[in-house]
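Here the structure is laid out as structure tokens; the discussion comes afterwards.
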Amino acid sequence: MKRTIVAMPGDGIGKTVLPEAIRVMNAAGFEADYIHGDIGWDFWCSEGNALPQRTIELLEKYKIGLFGAITSKPKEAADRELLPELQGKGKVYFSPIVGLRQHFNLDICIRPCQSFIGNPLNFIRRSSDGKSFDEPKVNSVIFRQNTEGLYAGVEWTNPPADVRAAMETHPKMKAFKHVLSPDMAISTRIVSREGCRRIIRAAFEYARKFGYSNVTVCEKPNVLRETSGMMWAEAKIIAKEYPGISLWDTNIDAQMMWLTKNPETYGVIVAENMFGDIISDAFAGLIGGLGFACSANLGDEVAVFEPTHGSAPKYQELSPSIVNPIAMIMSACMMLDHIGETEKADKIRAATAAVIAEGKVRTYDMLKLKGGPDVFDKGACTTQEMTDAIIAKL
């Protein structure tokens, strides 16, 4: 039975890389119907809604989405770009991918950060004798709680009187008693015990399934005593169900330092929404940057797969395209794994690894070039040529 996938290119280079991923899946023998889903900046500007209801209904029906990238801008810029007839109507821009996560409770975000042999962008460090360099194998997977925390969107500028009154019941608010409400912005970090349990258990299950020896909770409980404290408390309880898998804890700031000391030490890492976003981007830097960073957003019924890079609108208009499609292709592989097409996913990953190891075809970022139309004169391939090379290896 042929699958139906909701394809949501979104903005900028999302419109470029998503078709390339589909080309690779077709070449690997995966047959599906792809239905276009409207999402992103164009629909904010023309409709005042970056996530139209019609796209939500498509995902409700077909359950699987493949997503490209979005453009987000600050509040004032977003308001200015609305059609004139929509301005002043109380429209508020909200990230559509965050909206999808919250609407469908896609609370489990998985972000693998695994280096490819031969990638010139891989992290290296000086050896202990100071005379040479070594390249540790990075093989970490970040589990990011996807719907709560600082990204839940519970915040105010000029907080209403009842909100301020509630906040001032906390003794720490005494430090702000002289700040006028119009001069105050409040953003909340909310975690739930069930949200903690689900992401921690998912991390341990993944570690057990794929043979990781440790799960690290990356938080800041020495300062964020209640929210990070709850995450750590639940992790200690759940860890007892998984003998043989060590439970570690690191503070987010210290973890960023240790990334460049011993990244090969860390297997599965679990964190709240914002900390998970930070640590996954940091790990991505060790494996070549966002051109190699893929992710899955999983709920009980719906799943959406996306690269973690942005829309990079300055590159959208370049023809031919220069951007690296590998993050999008790896996200498509995660989708194939999710729906039971693991053999095809493994074939694509092996073909991609072979192209990278061979080193004959490299995008501008792999050559450490500044993006622009002149990169082809310096040996960079086009987006489509990278896809062609992967298909040839298939």
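Summed over the range 137-181, residues that are surrounded by 16 or more Cβ atoms within 10 Å (Cβ to Cβ) and under 25 Å from Thr250 (Cα atoms) total 15.
Just to be sure before I move on: is Thr383 polar (S, T, N, Q), in contact with a Ser or Thr (Cβ under 6 Å, 6 or more places away or on another chain) and closer than 29 Å to Gln145 by Cβ in the structure I sent? When the stated conditions are applied, Thr383 does not pass them.
Would a scan of the range 27-46 turn up a residue that is polar (S, T, N, Q) and under 22 Å from Ala327 (Cβ atoms)?
No; the residues of the range 27-46 include none that is polar (S, T, N, Q) and under 22 Å from Ala327 (Cβ atoms).
Looking only at the range 105-132, residues that are surrounded by 11 or more Cβ atoms within 10 Å (Cβ to Cβ), among the polar types (S, T, N, Q) and either assigned by TED's automatic domain parsing to the domain that holds Gly267 or not in a strand (DSSP E or B) (or both) come to 4 in all. For the range 24-69, which positions are farther than 30 Å from Leu394 by Cα and of a type in the set (Val, Ile, Thr)? Hits for the range 24-69 are Ile39, Thr55, Ile56. Based on this model, can you work out whether Ser321 counts as hydroxyl-bearing (Ser, Thr, Tyr) and farther than 21 Å from Glu219 by Cα? So Ser321 fits the description; yes. Here the range 195-246 is the region considered, the condition is being among the hydroxyl-bearing types (Ser, Thr, Tyr) and buried (at least 19 other Cβ atoms within 10 Å of the Cβ), and the residue that is farthest from Thr147 (Cα to Cα) is Tyr212.
Filtering the range 356-394 to residues that are more than 24 Å from the chain's Cα centre (by Cα), among the hydrophobic types (A, V, I, L, M, F, W, C), closer than 22 Å to His309 by Cβ and assigned to a helix (DSSP H, G or I) leaves Val375, Phe376, Ala389, Ile391. Residues that are at negative phi and of a type in the set (Lys, Arg) within the range 352-385 comprise Lys360, Arg362, Lys370, Lys378, listed in sequence order.
Taking every residue in the range 262-277 that is within 20 Å of Ser246 (Cβ to Cβ) and pairing it with any residue that is in a loop (DSSP other than H, G, I, E, B) and β-branched (Val, Ile, Thr), at least 6 positions away or on another chain, the pairs with Cβ-Cβ distances below 7 Å are Pro263/Val138; Glu264/Val138. Being out of contact with any strand residue (DSSP E or B) (no Cβ under 6 Å at 6 or more places or on another chain), within 17 Å of Gly276 (Cα to Cα) and not β-branched (Val, Ile, Thr) holds for only one residue in Arg201, Arg225, Arg189, and it is Arg201.
Being of a type in the set (A, V, I, L, M), more than 18 Å from Val191 (Cβ to Cβ) and part of a loop (DSSP other than H, G, I, E, B): is that true of Val163 here? So Val163 fails the test.
Which one is surrounded by the most Cβ atoms within 10 Å (Cβ to Cβ), of the residues in the range 279-297 that are closer than 29 Å to Tyr62 by Cα and touching a Phe, Trp or Tyr at 6+ places or on another chain (Cβ under 9 Å)? Among those that are closer than 29 Å to Tyr62 by Cα and touching a Phe, Trp or Tyr at 6+ places or on another chain (Cβ under 9 Å), it is Phe292. Listed by position, the strands (runs of 3 or more DSSP E) inside the range 1-101 whose residues that are buried (at least 23 other Cβ atoms within 10 Å of the Cβ) and in contact with a strand residue (DSSP E or B) (Cβ under 6 Å, 6 or more places away or on another chain) number at least 2 are 3-10, 64-69.
Looking at Phe30, Phe123, Phe116, just one residue is in contact with a helix residue (DSSP H, G or I) (Cβ under 7 Å, 6 or more places away or on another chain), in contact (Cβ under 8 Å) with a residue 60 or more places away in the chain and more than 22 Å from Thr387 (Cα to Cα), and that residue is Phe123.
The values are calculated or read from the model by the stated rules, or taken from the named source; none is laboratory data. Since we're looking at a predicted model, the values are computed, not measured. Reconstructed Cβ throughout: ideal geometry from the backbone, glycine too, with neighbour counts over all protein chains shown.
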